[in-house]
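Notes to accompany the following structure.
The values are calculated or read from the model by the stated rules, or taken from the named source; none is laboratory data. If you're wondering where the values come from, they're calculated on a predicted model, not measured in any experiment. Here the Cβ is made from the backbone with ideal geometry for all residues, glycine too, and neighbour counts use every protein chain on show.
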Amino acid sequence: MSKRRLLPLVLAAALAFTVASPSAAMAAPLKSFSGSAAPTISGEHRVGLTLKAKAPASWSPKPTSVTYQWLRNGKPIKGATGAAYKEKWEDGTTVTNVKVTAHRAGYAARTWVSNSKVKTAKIGRFTGELWPAVAGARVVGETLTESVFSTISPEPKLTYQWVRDRVAIRGATKSTYVQVAADIGHAVELEVTASKLGYVTERWSMFAPNTASKPSEVQ
């Protein structure tokens, strides 16, 4: 048989083998995750506060990685793709949820969506009252001390600023203040500020009685 006739026969045999034989490199079908539990959201639904997403442990097998997409009224929030989300002003009166997608080699990605129906509250206001008071002798070198009685709820963070004639005294931001010569003949006042994420910051003032005087001379 000539070489010219042999070559077509070899090619034909190779093609027949390729068609008839299943490909050893054919990819196996992807498996599926199981689990019906939706991701959960922790945190208070209030503007300025942070929500956190968590994937249920019941998803099987355990994903090697998960991705997030936060939703506002069911629509994706641009750039909100982390496990935590700080609620913005535009989230007020809307419903925030999160879409969590599980990933693992050999498995088709699967997405679950949380089912929260809680509307995000806008900035809240403290309830209750706060009465700041100042104790101590109005004498240079003596210490003035704040004494605050509060029924405010929820519990806020309190910060202090001592002022002289309504002007802040530099560095005087503790609950106590040691009077100096510059206070003589001037009114010293304590400002107490209550703050908390998601709430309107409020401030109260209390004058120290009288004005500072020089310390008495030792006889």
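Observations
- Scanning segment 92-145 for residues that are among the acidic types (Asp, Glu) and either free of Cβ contacts under 8 Å to residues at least 24 places away in the same chain or assigned by TED's automatic domain parsing to the domain that holds Gly74 (or both) yields a single hit, Glu129.
- Filtered residues of segment 83-95 (kept if in a loop (DSSP other than H, G, I, E, B), farther than 25 Å from Ser32 by Cα and under 17 Å from the mean Cα position of the chain (by Cα)): Glu87, Lys88, Gly92
- Checked against (1) of a type outside the set (Ser, Thr, Tyr); (2) surrounded by 15 or more Cβ atoms within 10 Å (Cβ to Cβ); (3) within 19 Å of Ala121 (Cα to Cα), Ala55 passes all but condition (3).
- Whichever residue in segment 21-33 is modelled with pLDDT under 95 and of a type in the set (Gly, Ala, Ser) and, among such residues, is farthest from the chain's Cα centre (by Cα): Ser21
- Extreme residue, nearest to Thr93 (Cα to Cα), among residues of segment 122-162 that are β-branched (Val, Ile, Thr) and touching a Leu at 6+ places or on another chain (Cβ under 8 Å): Ile152
- Of the candidates Ala57, Ala27, Ala80, Ala37, the single residue that is touching a Pro at 6+ places or on another chain (Cβ under 6 Å) and assigned to a loop (DSSP other than H, G, I, E, B) is Ala37.
- Residues of segment 145-171 that are touching a Phe, Trp or Tyr at 6+ places or on another chain (Cβ under 6 Å) and closer than 12 Å to Val192 by Cα: Phe149, Trp162.
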